[in-house]
Amino acid sequence: MKTIMNAAAVACLIMSVHATAQIGCDRACLEGHMTTYYNALNANTPNMVPLAANAKISDNNNLVSLREAFWADAEEVVYRWDIANPRLGDVAGEAVIRNSDGSYTMIMVRLKVADNAITDVEVVRANQGDADRLWGAERLVDHPLSVNLNKSIRIADRDSYYRLIAAAESYWRAFQTNGTEEYHRADLLYDTLRFENGLQTTGLMVDGSFRSAPDGFDTGRFIGRNLWDRRYPVVDEERGIVLSMVRFGLKDGMESQSVATSNDRLVAEFFQVKNGMIQEVHAVLYNLPDAVPSVWDAEYGPGRGGW
């Protein structure tokens, strides 16, 4: 009888472990939720998205219903890549949506998944003009996706969760201190590529010209910029990419020194990192006044207007 009970206990344990594994959501599962989201967006059918009962949804820092985060003209995803952290149920990505009139919308979508339901939906989206001169969605659509964004890094070469965040932090620290005696250089390669709403702003350009990524910090081009309400909601160790959410403003008492610091913005910034160095930066930006409070809690960094 004792042997039978032990066998039954082992069988129950195996069934329990299997059930637990089924509750989890691996990379394919998380990316599947993202696909469902985009399909629902393009069909304008928000009820297709498996939302949790108390899901929190924001669109450009406004708390909304999912229907309010959609727009009727969305027609097709023409550029897309995702990052995921299956351990925490996090997935995010950058995409370009073609609208029915032929225009493009840049979008960052972040989802958090628990028990096969979406608990968080965070969207930053921009049309041409929503972040001034920063626009180049057409360039993303017309050129192949960088291999850095969708390949797995060999396990022995992967940076840790915290090292990926540290690389992103070095970028923001350089931003915060550039042009001052406290300046700390970012962990940037000389030829790091940066794209802002699809517009390439550093690295080897399509026209053959070259712009060094660290140069803007080294020359103090962004002096006076305040970066506040920083978060790192998705960290993908397998692909070496971390998503940082941040607000751009000006430090109290400072005046804008250039067009680069002239607007307050909501920013979703992806850093692709290898061996602790940032190789690519992709950002979706939307002009948002500093005076508007953030609807997601900050993890780190100074507050609005702070030093």
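The values are calculated or read from the model by the stated rules, or taken from the named source; none is laboratory data. The model shown is predicted, which means the values in this text are computed figures rather than measured ones. We place every Cβ from the backbone using ideal geometry, glycine too, and count neighbours over all the protein chains shown. Only protein heavy atoms, including side chains, enter the accessible area calculation; ligands, DNA and RNA are left aside. Shrake-Rupley method; radii C 1.70, N 1.55, O 1.52, S 1.80 Å.
Conditions (1) open to solvent by 30 Å² or more (accessible area, probe 1.4 Å); (2) closer than 19 Å to GLU122 by Cβ; (3) in contact with a His (Cβ under 8 Å, 6 or more places away or on another chain); (4) at pLDDT below 85, marked per residue:
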| position | (1), (2), (3), (4) |
| --- | --- |
| PHE217 | no, no, no, no |
| ASN226 | no, no, no, yes |
| VAL234 | no, yes, no, no |
| ILE241 | no, yes, no, no |
| GLY249 | no, no, no, yes |
| GLY253 | yes, no, no, yes |
| VAL259 | yes, no, no, yes |
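Inspect all residues belonging to segment 124-132 and state whether any of them is open to solvent by 10 Å² or more (accessible area, probe 1.4 Å) and on the phi > 0 side of the Ramachandran plot. Reasoning before the result, please.
Filtering segment 124-132 down to residues open to solvent by 10 Å² or more (accessible area, probe 1.4 Å) leaves 125, 127-130, 132.
Cutting the leftovers down to on the phi > 0 side of the Ramachandran plot gives us 129, 132.
There is at least one residue in segment 124-132 that is open to solvent by 10 Å² or more (accessible area, probe 1.4 Å) and on the phi > 0 side of the Ramachandran plot.
Could you please find all residues in segment 132-175 being of a type in the set (Lys, Arg) and touching a Gly at 6+ places or on another chain (Cβ under 8 Å)?
Let us first name the residues in segment 132-175 that are of a type in the set (Lys, Arg), namely 133, 139, 151, 154, 158, 163, 173.
The answer is ARG139, ARG158, ARG163.
With the structure loaded, tell me whether LEU164 is open to solvent by 20 Å² or more (accessible area, probe 1.4 Å) and among the aliphatic types (A, V, I, L, M) or whether it fails that test. Taking the combined requirement at face value, the residue does not satisfy it.
Here is a check on your reading of the model: is ALA137 in contact with a Pro (Cβ under 8 Å, 6 or more places away or on another chain), open to solvent by less than 50 Å² (accessible area, probe 1.4 Å), of a type outside the set (Phe, Trp, Tyr) and more than 27 Å from GLY276 (Cα to Cα)? Here the answer is no, as ALA137 does not meet what is asked.
Sub-6 Å Cβ pairs linking a first residue in segment 227-254 that is part of a strand (DSSP E or B) to a second residue that is at pLDDT below 95 and of a type in the set (Asp, Glu), at least 6 apart or interchain, are ARG231/GLU299; ARG247/ASP229; GLY249/ASP264; GLY249/ASP290, ordered by first then second residue. In the set SER170, SER146, which member is among the hydroxyl-bearing types (Ser, Thr, Tyr) and open to solvent by 20 Å² or more (accessible area, probe 1.4 Å)? The unique qualifying residue is SER146. Scan segment 65-121 for residues that are over 23 Å from VAL147 (Cα atoms), open to solvent by 60 Å² or more (accessible area, probe 1.4 Å), assigned to a strand (DSSP E or B) and among the acidic types (Asp, Glu) and the total you get is 1. When each of LEU193, LEU204 is tested for being in contact with an Asp or Glu (Cβ under 6 Å, 6 or more places away or on another chain) and closer than 26 Å to GLU138 by Cα, the lone residue that passes is LEU193.
Listed by first and then second residue, the pairs linking a residue in segment 177-196 that is in contact (Cβ under 8 Å) with a residue 12 or more places away in the chain and open to solvent by 50 Å² or more (accessible area, probe 1.4 Å) to a residue that is of a type in the set (Ser, Thr, Tyr) and not in a strand (DSSP E or B), with Cβ atoms under 6 Å apart and 6 or more places separating them unless they lie on different chains, are TYR183/THR177; HIS184/THR177; ASP187/SER170; TYR190/SER212. Taking first residues from segment 197-219 that are outside any strand (DSSP E or B) and partners that are open to solvent by 80 Å² or more (accessible area, probe 1.4 Å) and among the acidic types (Asp, Glu), the Cβ contacts under 8 Å between residues at least 6 apart in sequence or on separate chains come to SER212/ASP191; ALA213/ASP191. When ALA156, ALA126 are checked against the criterion of being small (Gly, Ala, Ser) and closer than 22 Å to ALA84 by Cβ, a single residue qualifies: ALA156. In the condition set (1) closer than 20 Å to TRP296 by Cβ; (2) out of contact with any strand residue (DSSP E or B) (no Cβ under 6 Å at 6 or more places or on another chain); (3) not aromatic (Phe, Trp, Tyr), MET108 is compliant with all but (2). Give the number of residues within segment 160-196 that are more than 17 Å from PRO233 (Cα to Cα) and not in a helix (DSSP H, G or I). Total satisfying the criteria: 19. If you go through segment 196-221 and keep only what is touching a Gly at 6+ places or on another chain (Cβ under 7 Å) and within 17 Å of VAL267 (Cα to Cα), you end up with ASN197, GLY198, LEU199, GLN200. Filtered by the rule that a residue be β-branched (Val, Ile, Thr) and open to solvent by 30 Å² or more (accessible area, probe 1.4 Å), segment 40-60 gives a lone residue, THR45. For segment 41-68, the set of residues classified as more than 15 Å from THR119 (Cβ to Cβ) and among the charged types (D, E, K, R) consists of ASP59, ARG67, GLU68, listed by residue number.
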